[in-house]
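This report refers to the structure that appears directly beneath it.
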Amino acid sequence: MRMQTGQLLFLGLCILMTIASATESSDEKEKADPEKVEYAKGSVCGYCEYCKFCQLCEKDCPCETSPTKPNCKMCKYCKFCYLCSGVCDTICQPGGMIDKVSAAIVNALPSHDPDEINKDIKSVDDWIQKNKDEL
């Protein structure tokens, strides 16, 4: 029986949620200063940090670029402010389930560093030049 990608993703989410809830028992939780708590590295909840700019949308947008309002081009991002009240202020809390699970998924995906790859290729460039006819 072959599992489809969607089924594997769902299964992975279930496992991650089980692990996260097991490590987050109520008697083990420490009281943390909400100002110092950060979202997990790679979490989709990390985008909630930009919600602080939504107050500018309410005050300054829409507008036309001028010497007194040079940042009007940023008003195009105001369309995402509804996520702040709908997601960030409700279910996407630092250290919460969505934060941990989304970070685990994102961090499990393969990534690459173009500078490191170019450095590796450059380190074998002599060998490539000598053996290019065989390649």
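The values are calculated or read from the model by the stated rules, or taken from the named source; none is laboratory data. This structure is a prediction, so every number in the text was calculated from the model and none was measured. Glycine also receives a Cβ, built like all others from the backbone with ideal geometry; neighbour counts cover every protein chain displayed. SASA here: full protein model, heavy atoms, side chains in, ligands and nucleic acids out. Shrake-Rupley method; radii C 1.70, N 1.55, O 1.52, S 1.80 Å.
Comparison of V87, V106, V101, V124 shows that the only residue that is farther than 16 Å from A40 by Cβ and either of a type in the set (A, V, I, L, M) or touching a Pro at 6+ places or on another chain (Cβ under 9 Å) (or both) is V124.
Would you confirm whether or not the stretch 35-56 contains a residue that is of a type in the set (S, T, N, Q) and either at pLDDT below 55 or farther than 24 Å from V106 by Cβ (or both)? Yes: one or more hits. For the stretch 90-99, residues that are in contact (Cβ under 8 Å) with a residue 24 or more places away in the chain, of a type outside the set (S, T, N, Q) and either open to solvent by 70 Å² or more (accessible area, probe 1.4 Å) or in contact with a Gly (Cβ under 6 Å, 6 or more places away or on another chain) (or both) total 1. Within the stretch 79-135, the set of residues being polar (S, T, N, Q) and within 29 Å of the chain's Cα centre (by Cα) comprises S85, T90, Q93, S102, N107, S111, N118.
Residue pairs whose Cβ atoms lie under 6 Å apart, sitting 6 or more positions apart in sequence or on different chains, and linking a residue in the stretch 48-72 that is farther than 30 Å from I98 by Cβ to a partner that is polar (S, T, N, Q) and open to solvent by less than 100 Å² (accessible area, probe 1.4 Å), are C72/T65. If you go through the stretch 79-89 and keep only what is assigned to a loop (DSSP other than H, G, I, E, B) and either at pLDDT 85 or above or more than 30 Å from L109 (Cα to Cα) (or both), you end up with just C81.
For the stretch 47-78, name all the residues that are part of a helix (DSSP H, G or I), more than 19 Å from the chain's Cα centre (by Cα) and surrounded by fewer than 14 Cβ atoms within 10 Å (Cβ to Cβ). Hits for the stretch 47-78 are Q55, E58, K59, K73, K76. Scanning the stretch 79-89 for residues that are of a type in the set (G, A, S) and open to solvent by less than 70 Å² (accessible area, probe 1.4 Å) yields a single hit, G86.
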